[in-house]
Amino acid sequence: MRSINFHPFPKLSTERLLLRPMKIEDDKEMFSILSDKNNRQYLDAPLATSLKDAQQFIKARIKGVADNEFIFWAISLKKNPTLIGTICLWNFSKDKLTAELGYELATAHQANGYMSEAVGGVLEYGFNKLKFKTIKGYVHSENQPSKKLLKNAGFKYKSKFTEKNTYREESYTMEVYEKNK
């Protein structure tokens, strides 16, 4: 089985963005994202209620990267190191040939093409450096911007399934998209 190692941390750069390691000092910006009800409406996750929640989130991501369980980047503008979002490759298959893409962007920075740019950089890294054969995206069926983002990045619709939300009393449909090298 292949092994994946994220040491040293793979900083990525695009035209306008720097994808860098998360740091505990990102807690205020991360709290803003994690506590934004509209921004997280399609995620099966609780809203953050305190800065401590954001700090725990960041610490868990730092540990996961250190343990090579996933790679999780903070997204910032090259001209400003403040975190504006996150993007990750995670949920690796046992043979380490497939990964899942995850992302979120602060509401104030949406609709500027930043996430498209970040996804492009992460896909290049995932396919060319990590040698993944397939990268998947799981999207709530009502999340039109996310579905458009994946389609514009070359992902193809594959399937859908229904699951129950862990934190709210509701079921929802998820759509699966894939991009192959």
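Values in this text are rule-based calculations from the coordinates and carry no lab data. Remember, it's a predicted structure, so these values are computed and weren't measured experimentally. Here Cβ is always computed from backbone atoms with ideal geometry, including for glycine, and neighbour counts include all displayed protein chains.
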Taking the chain and counting helices only, DSSP H stretches of n ≥ 4 at -39,500 (n - 2.57) each over all residues, the nearest-500 ellipticity at 222 nm comes to -7500 deg cm²/dmol
With DSSP loop assignment and no more than 14 other C-beta atoms within 10 Å, the GluC sites (Glu not before Pro) in segment 2-90 are GLU15
With a ≥ b ≥ c from the Cα gyration tensor eigenvalues, square-rooted, and the rule rounded for a/c under 1.5, otherwise prolate when a/b > b/c and oblate otherwise, segment 120-164 is prolate
Of the candidate values (1) 1.12; (2) 1.52; (3) 0.99, the one computed for Cα Rg over 2.2 N^0.38 Å from this structure is (3)
If every Lys and Arg gets +1 and every Asp and Glu gets -1 at its Cβ, then about the Cα centre segment 5-74 yields a dipole, in debye to the nearest 20, of 100
Looks like segment 17-93, by Cα gyration tensor root eigenvalues a ≥ b ≥ c and the a/c under 1.5 rounded cutoff (else prolate when a/b is bigger than b/c, oblate otherwise), is rounded
Taking a crude spin-label model, label points 7 Å out from Cα along the C-beta direction, the TRP90 to GLU117 distance in nm is 2.5
Here, trypsin sites (Lys or Arg not before Pro) of segment 1-103 satisfying both criteria (DSSP loop; at most 14 other Cβ within 10 Å) are ARG2, LYS11, ARG16, LYS23, LYS37, LYS78, LYS79, LYS94
Per the 1/(1 + (r/R0)^6) rule, R0 = 22 Å and r from the Cβ atoms of THR98 and LYS151, FRET efficiency to 0.05 is 0.70
So, relative contact order of the chain in percent, Cα under 8 Å, 6 or more apart, is 20
In this structure, the FRET efficiency calculated for GLU15 and GLU169 from their beta-carbon separation, with R0 = 30 Å, to the nearest 0.05, is 0.10
Cβ-Cβ cut-off under 13 Å around LYS96, Lys and Arg +1, Asp and Glu -1: the net charge is +2
Out of VAL122, GLY154, HIS109 - ranked by how far each Cα lies towards the positive end of the dipole of segment 102-162, with unit charges on the beta-carbon of charged residues - the top one is GLY154
In the chain, whole DSSP H helices that both stretch 15 Å or further along their axis by alpha carbon positions and average at least 0.0 on the Kyte-Doolittle scale are 114-124
